[in-house]
1. Would you check the accessible area of Lys91, probe 1.4 Å, heavy atoms only, in square angstrom rounded to 10?
2. In the chain, how does Rg compare with the Kirkwood Rh, expressed as the Rg/Rh ratio over alpha carbon atoms?
3. Let me have the relative contact order for the range 2-88, percent, based on Cα pairs under 8 Å that are six or more residues apart.
4. Need one value: the accessible area of Asp38 in square angstrom, 1.4 angstrom probe, rounded to the nearest 10.
5. Quick one: how many Å² of Phe85 are accessible to a 1.4 Å probe, rounded to 10?
6. If each DSSP helix of 4+ residues adds -39,500 (n - 2.57) and the sum is divided by the residues in the chain, what number results at 222 nm, nearest 500 deg cm²/dmol?
Amino acid sequence: METKIETTNTGGKVLAYNGDELVGRLEFSYKGNVMRIDHTYAYKKGMGIGGTLVSAANDYAINKGLRILPVCSFAGAWYQRHQQFADILYKEGSQS
């Protein structure tokens, strides 16, 4: 599976492809140095698309020095299963 990230000044999306077929999309937005994962969509079940999308968004945030706020419930559950990334999560009330 291949992912592609498209960004704007206020956010962007991560697209997942299986060959030429679009199989998933993750939408995110920015507020300062915080990247909010707003929605995760998998168009086919059982392929690990959601995890691939969140992982790609996570890598993007790390490379850009951003914190993550997982608004989407799927992303929140992904971060609970991947505690090694707890330090990148934005905590309400924190300055960074």
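The values are calculated or read from the model by the stated rules, or taken from the named source; none is laboratory data. All values derive from a computational prediction rather than experimental measurement. Side chains are part of the model used for accessible areas, which takes the heavy atoms of the whole protein and leaves out ligands, DNA and RNA. Shrake-Rupley method; radii C 1.70, N 1.55, O 1.52, S 1.80 Å.
1. That residue has around 100 Å² of solvent-accessible surface.
2. So for the chain, dividing Rg by the Kirkwood Rh gives 0.96.
3. Across the range 2-88, relative contact order equals 23 percent.
4. 30
5. Here the accessible area works out near 50 Å².
6. The helix-only estimate for the chain comes to -8000 deg cm²/dmol at 222 nm.
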